Amino acid sequence: MNDRTYLDHNATAPARPQAVAALGAALAAAGNGSAIHGEGRAARARIEEARGHVAALVGADPRGVIFTSCGTEADALALTPAYARGGEPLALDTLLVTAVEHAGVLRGHRFPPERVELLPVDARGRLRLDALDEALARHAGAGRRVLLSVMLANNETGVLQPVAEAARRAHLQGALVHTDAVQAAGRIGVDMNALGVDLLSLSAHKIGGAPGAGALVVADPDLRPDPVFAGGGQERGRRAGSENVPAIAAFGAAAACALRDLDGEIGRVAALRDGLESALRCEFPELVLLVGDVDRLPNTSCIALPGVPAETMVIALDLAGLATSAGAACSSGKVGPSHVLDAMGVPERIARSAIRLSFGWSSDEADVERALGVFRRVLPGLLRRARAA
Ligand code: PLP
């Protein structure tokens, strides 16, 4: 990877050395976390240590952490109409989600499509609180119980949502509140209590853990979403299936590093991102910076070179040694118009040219220099072809 520059942390961050070590140690050891022999108890200890680190990353009670296989499964576990609290059934009627959520959330996971309502965002991609108020009042007036899901940070633009304010308003109307914090965790401070949410999703491979682990964190351990599948009693009966001990151990190690380094990393990573953005804008005045003027993650940049299709740009940059992504690239390498930019009302010519650069723990000044060199080599030719077309 030496001659390559990786600016796609929002798709998958490189695994941190501490996570690789934890993964290897757990993989080398036998033991099922439910077994009572010594090896099983050692596996259990690894799981519980990781649970503590993951809970600490978001300021939660470790008993509220339910390990899953990924962020998508955490979202699927949260987005169900069937809950129980203190053993009593708690049925939800309607799911409200913002129009810029990640794919699975947008489709409502286990809610039937006719019970999912999309909430509009403003031109910068933030939930419109007036529309939220209207929807909450309408459903409460009709006696319908609501689950609201608002992501903390957008994966394509990095824009931060007013989750705490949305949760406050939703709770006043008796709703439950979920936030997908997959992109925010480890990049900004996340405190479940300060946000006031009931449920929060995480994914290990976005913070430098290994793919194969995620978590749904429940603020009140007595609140139980209906399990996604039936089986053994793992995770206090909330998520059946033998735990992926190596991936969970790596998740815990990554969470511990992310929390330990967070204060310094926010400024360091933002300086790298801002440095590249301003150099690019200075050298290529045609370049459009989407959502530069709003609260956003320190690591994410969404830029467009109008007239140059995003996929053409991503391929050209890749061939020159720079990994970036177009639109919601984590969904299968497919490239299509972004529903996020569409919901924000970004003109199609710009939206079709938008690419994402995302930095992280492994990024440094040398990455910025190399990335700038690649842009200098690649963009003039792309611009010439776009002008001639
Ligand atoms: N939520 C958001 C905001 C994401 O960006 C992603 C992945 O990119 C997911 C959920 C899904 O996470 P996972 O890849 O662990 O399933």
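The values are calculated or read from the model by the stated rules, or taken from the named source; none is laboratory data. All values reported here derive from a predicted model rather than from experimental measurement. Neighbour counts run over all protein chains shown; Cβ positions are idealised from the backbone, glycine included.
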With criteria (1) at pLDDT 95 or above; (2) under 17 Å from the mean Cα position of the chain (by Cα), A103 comes up short on (1)
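Using the structure shown, decide if A304 is assigned by TED's automatic domain parsing to the domain that holds R376 and either over 29 Å from G373 (Cα atoms) or touching a Ser or Thr at 6+ places or on another chain (Cβ under 6 Å) (or both).
Numbers: assigned by TED's automatic domain parsing to the domain that holds R376: yes; either over 29 Å from G373 (Cα atoms) or touching a Ser or Thr at 6+ places or on another chain (Cβ under 6 Å) (or both): yes.
Yes.
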Can you spot a residue in the stretch 190-197 that is polar (S, T, N, Q) and either away from the ligand (no atom under 16 Å from the Cβ) or touching a residue at least 40 places away in the same chain (Cβ under 8 Å) (or both)?
yes
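Residue-by-condition table, conditions (1) within 21 Å of D295 (Cβ to Cβ); (2) modelled with pLDDT under 95; (3) within 13 Å of the ligand (Cβ to nearest atom):
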{"site": "L127", "(1), (2), (3)": "yes, no, no"}
{"site": "G143", "(1), (2), (3)": "no, no, no"}
{"site": "V146", "(1), (2), (3)": "no, no, no"}
{"site": "E165", "(1), (2), (3)": "yes, no, no"}
{"site": "R169", "(1), (2), (3)": "yes, no, no"}
{"site": "A181", "(1), (2), (3)": "yes, no, yes"}
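Every residue, every condition in (1) within 21 Å of G241 (Cβ to Cβ); (2) part of a loop (DSSP other than H, G, I, E, B); (3) among the small types (G, A, S), yes or no:
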site	(1), (2), (3)
V20	no, no, no
N32	yes, yes, no
I36	yes, yes, no
E39	yes, no, no
A45	yes, no, yes
A50	yes, no, yes
A56	no, no, yes
A60	no, yes, yes
The lone condition L152 fails out of (1) over 17 Å from the mean Cα position of the chain (by Cα); (2) closer than 20 Å to A219 by Cα; (3) within 16 Å of the ligand (Cβ to nearest atom) is (1)
Restricting attention to the stretch 186-223, report how many residues are assigned to a strand (DSSP E or B) and closer than 13 Å to A74 by Cα.
10
For the stretch 233-240, indicate whether the set of residues that are charged (D, E, K, R), in a loop (DSSP other than H, G, I, E, B), closer than 29 Å to R16 by Cα and within 16 Å of the ligand (Cβ to nearest atom) is non-empty.
yes
Restricting to the stretch 45-98, give me the number of residues that are closer than 30 Å to D263 by Cα and either among the aliphatic types (A, V, I, L, M) or more than 16 Å from the ligand (Cβ to nearest atom) (or both).
24
Flag for A279 being within 30 Å of L118 (Cα to Cα) and either over 19 Å from the mean Cα position of the chain (by Cα) or surrounded by fewer than 23 Cβ atoms within 10 Å (Cβ to Cβ) (or both)
no
Can you name the residue in the stretch 286-310 that is charged (D, E, K, R) and at pLDDT 95 or above and, of all such residues, is farthest from T324 (Cα to Cα)?
D295
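Somewhere in the stretch 184-196, is a residue over 17 Å from D220 (Cβ atoms), surrounded by fewer than 23 Cβ atoms within 10 Å (Cβ to Cβ) and assigned by TED's automatic domain parsing to the domain that holds P81?
Taking the stretch 184-196 and keeping what is over 17 Å from D220 (Cβ atoms), we get 184-190.
Retained after the next criterion (residues that are surrounded by fewer than 23 Cβ atoms within 10 Å (Cβ to Cβ)): 188-189.
Pick out the ones that are also assigned by TED's automatic domain parsing to the domain that holds P81 and you get 188-189.
Yes, the stretch 184-196 contains at least one residue that is over 17 Å from D220 (Cβ atoms), surrounded by fewer than 23 Cβ atoms within 10 Å (Cβ to Cβ) and assigned by TED's automatic domain parsing to the domain that holds P81.
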